[in-house]
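A quick write-up on the structure given underneath.
The values are calculated or read from the model by the stated rules, or taken from the named source; none is laboratory data. Keep in mind that what you see is a predicted model, and the values were worked out from it rather than measured. Here the Cβ is made from the backbone with ideal geometry for all residues, glycine too, and neighbour counts use every protein chain on show. Ligands, DNA and RNA are excluded from the accessible area calculation, which covers all protein heavy atoms including side chains. Shrake-Rupley method; radii C 1.70, N 1.55, O 1.52, S 1.80 Å.
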Amino acid sequence: MNENLALKTISNQLNWDNSEAKREFEWLKLLSAYKYDAYEGYEPGSRFYVSLIGWLKQFGSIDDRKIAYAFLKNNLIFFSRREIVHLVHRYWPVVQRTIIKSVADDLKIPTWEVMADPKGKEAFAIQLRQSLFVGISDGAKMDVFRRDNEGRISNEQAVVGHEMSKEKWESMVKDLAKDIIKNGWIADPVFKHLFLIDDFTASGTSLIRKEKDGTWDGKVPKFIARTSKSHLDKLHNPCKVHIHHFIATRRSVDAVTPLVDEFVATLKGFEINLSFGLILDERCNVSATDCKDFYNLLGKHYDKSVETDFSLCVQHGYKECELAVVLEHNTPNNSVALIWAETKEEDVTKTTTPMSPLFRRRTRHS
């Protein structure tokens with residue numbers, strides 16, 4: 001759509017006068033160019049202005065449209081690719097500190113002595129090579145991580161998916177053995193560190209959860225179960241599993257931490273620790289106190305047909321997380337539905353409140 005036509009349409013939808021339109025056009029042009037046009041969930045040929053027009057159109061009154069626009073401008077948190085890549089860049093020092101601490105514990109020396117001691121420096125190099133970096137979702141940015149750390153780790157050490165075949169494991173161990181021989185190290189060709197990397201966690205349930213019957217489910221228990229069953233001989237005992245999220249909510253951190261501790265107590269041969277690049281507090285939520293007007297719209301403009309057997313009610317986001325968060329490659333289902341939900345074409349005539357998304361969500365399961 002032509003930019004001038006799009007802006008004129010938005011101005012008419014919100015009943016702006018000339019001075020208000022001039023001020024808001026500047027903001028819209030800046031944010032659409034800097035962030036919103038780069039969102040990866042739009043339909044082909046569509047960009048932010050088209051999405052915004054369709055989103056505002058679903059609200060029956062100008063007052064409701066103004067409330068929705070005010071939420072977009074003042075409350076929505078959009079993580080651009082540049083910002084997420086910055087969090088990827090910040091992860092390497094976390095890896096370094098993790099391995100340095102492991103070496104210091106093994107050699108029984110202070111952490112600050114590791115890189116100054118020849119034995120410590122060699123042990124660091126060995127343990128770094130005995131590390132695997134595994135993306136556990138399609139948002140883990142493993143391509144960025146691999147390129148960012150070229151020369152520090154080999155291509156074989158960075159793995160895009162966590163469901164690795166027997167052949168893949170054998171190939172990685174074979175390459176590890178070659179590098180140990182090449183460098184003249186005295187070490188076993190096993191992996192001592194597994195770094196599991198993900199982009200975002202809001203409720204923590206996809207990472208780890210304990211079912212009512214006492215069994216464990218989620219990405220981490222499944223990964224540990226598969227690895228223990230078929231590839232335990234390729235791991236050091238104990239194997240140290242380091243789970244890192246670039247972005248997490250405080251709710252997720254508080255929920256996951258005790259669950260991981262409880263889960264580790266049931267294991268043999270594994271240690272697990274957690275780290276987070278950025279933790280979001282409750283200010284990132286759509287609350288009834290801090291965002292009252294938009295919060296009221298959540299119930300007023302909600303179509304139950306967008307629910308699934310997996311997500312159930314998502315009016316306030318999956319697991320009632322009430323987030324106002326969008327990631328450049330997708331919108332979490334933990335964010336309130338009014339941001340991302342879309343009524344299916346065949347259901348539009350069956351509801352009085354068909355939903356049109358501002359940032360359309362693409363369903364993914366990992």
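Restricting to the chain, compute how many DSSP beta bridges are antiparallel as a %, nearest 5.
Here the share of antiparallel DSSP bridges comes out near 10 percent.
Tally Lys/Arg at +1 and Asp/Glu at -1 over every other residue whose Cβ is under 9 Å from the Cβ of M355; what's the total?
-2
So what's the projected area for region 149-278, the Cα convex hull averaged over all directions, in nm²?
The orientation-averaged projected area of the Cα hull of region 149-278 comes to 8.7 nm².
Using the Cα gyration tensor of region 111-225, with a ≥ b ≥ c the square roots of its eigenvalues, what is the shape: rounded (a/c below 1.5), prolate (a/b larger than b/c) or oblate (neither)?
prolate
Bin by bin, in steps of 10 Å, what percent of the Cα pairs in region 66-123 do you find, going until the bin that has the longest distance?
Pairs per bin, as whole percents: 21, 26, 18, 15, 11, 9, 1.
Along each of the three principal axes of the Cα atoms of region 249-366, give the extent in whole Å, ordering the values from largest to smallest.
57, 32, 24
Please give the residues of region 24-57, grouped as numeric ranges, whose backbone N is less than 15 Å from a label point set 7 Å along the Cα-to-Cβ vector of N12.
Inside the label zone: 50, 53-54, 56-57.
What ratio of Cα Rg to 2.2 N^0.38 Å holds for the chain?
Here the answer is 1.16, to two decimals.
Run the numbers for E170 and I77: contour at 0.36 nm per residue of separation, minus the present Cα-Cα distance, in nm.
Taking E170 through I77 to full extension adds about 29.2 nm, to one decimal.
If you take the square roots of the eigenvalues of the alpha-carbon gyration tensor of region 37-139 and sort them as a ≥ b ≥ c, do you get rounded (a/c under 1.5), prolate (a/b over b/c) or oblate?
Cα axes put region 37-139 in the prolate bin.
Just subtract the alpha-carbon distance of N155 and W185 from 0.36 nm times their residue separation and send over the number in nm, one decimal.
8.8 nm
Please report the carbon-and-sulfur percent of the accessible area for the chain; probe 1.4 Å, protein heavy atoms only, DNA, RNA and ligands left out.
Carbon and sulfur together cover 50 percent of it.
Mind telling me which of E150, E342, E83 comes out most flexible in a GNM of the chain, alpha-carbon contacts under 10 Å?
Result for the chain, Cα springs under 10 Å: E150 fluctuates most.
Of A38, N149, S228, whose Cα points farthest to the positive end of the dipole of the chain (charges on the beta-carbon: +1 Lys, Arg; -1 Asp, Glu; origin at the Cα centre)?
N149
Please state, to two decimals, what the Cα-based radius of gyration of region 1-60 comes to when divided by 2.2 N^0.38 Å (N = residues).
Cα-based Rg divided by the globular estimate yields 1.10.
Gaussian network model of the chain, Cα springs within a sub-10 Å range: biggest mean-square fluctuation belongs to which of G204, G139, G184?
Of the options given, G184 has the highest mean-square fluctuation.
Relative to a virtual label point 7 Å from the Cα of H236 in the Cα→beta-carbon direction, which members of region 169-190 show backbone nitrogen distances below 12 Å?
Under 12 Å, as judged by backbone N against the label point of H236, lie 187-190 of region 169-190.
If R0 is 51 Å, what FRET efficiency do you get for L5 and R147 from their C-beta distance, rounded to 0.05?
0.80
Taking the simple approach of a point 7 Å from Cα along Cα-to-Cβ for both T352 and R97, what is their distance in nm?
My value for the distance between the label points is 5.5 nm.
If you place +1 on the Cβ of every Lys and Arg, -1 on the Cβ of every Asp and Glu, and leave all else neutral, what size is the dipole of region 255-351 about its Cα centre, to the nearest 20 Debye?
100 debye
Counting only the heavy atoms of the protein chains, how much of Y295 is accessible to a 1.4 Å probe, in Å² to the nearest 10?
60 Å²
Got a sec to turn the phi values of region 36-44 into Karplus ³J(HN,Hα) couplings, 6.51 cos²θ - 1.76 cosθ + 1.60 with θ = phi - 60°, whole Hz, x for Gly and Pro?
Whole-Hz 3J(HN,Hα) from phi for region 36-44: 5, 5, 7, 4, 8, x, 5, 5, x.
If the chain between D117 and V50 were fully stretched, how many nm would it gain, using 0.36 nm times the residue separation less the Cα-Cα distance?
Full extension of this stretch gives 18.1 nm more.
What accessible area per residue comes out for the chain, rounded to a whole number of Å², with a 1.4 Å probe?
Here the per-residue accessible area is 50 Å².
Could you work out which residue, out of H316, H242, H231, moves most in a Gaussian network model of the chain, that is, has the largest mean-square fluctuation with Cα springs under 10 Å?
In this elastic network of the chain, the residue with the biggest mean-square fluctuation among H316, H242, H231 is H231.
Would you work out which of I136, I77, I109 lies farthest towards the positive end of the dipole of region 1-138, given +1 charges on the beta-carbon of Lys and Arg and -1 on that of Asp and Glu, about the Cα centre?
Result: I109, furthest along the dipole toward the positive end.
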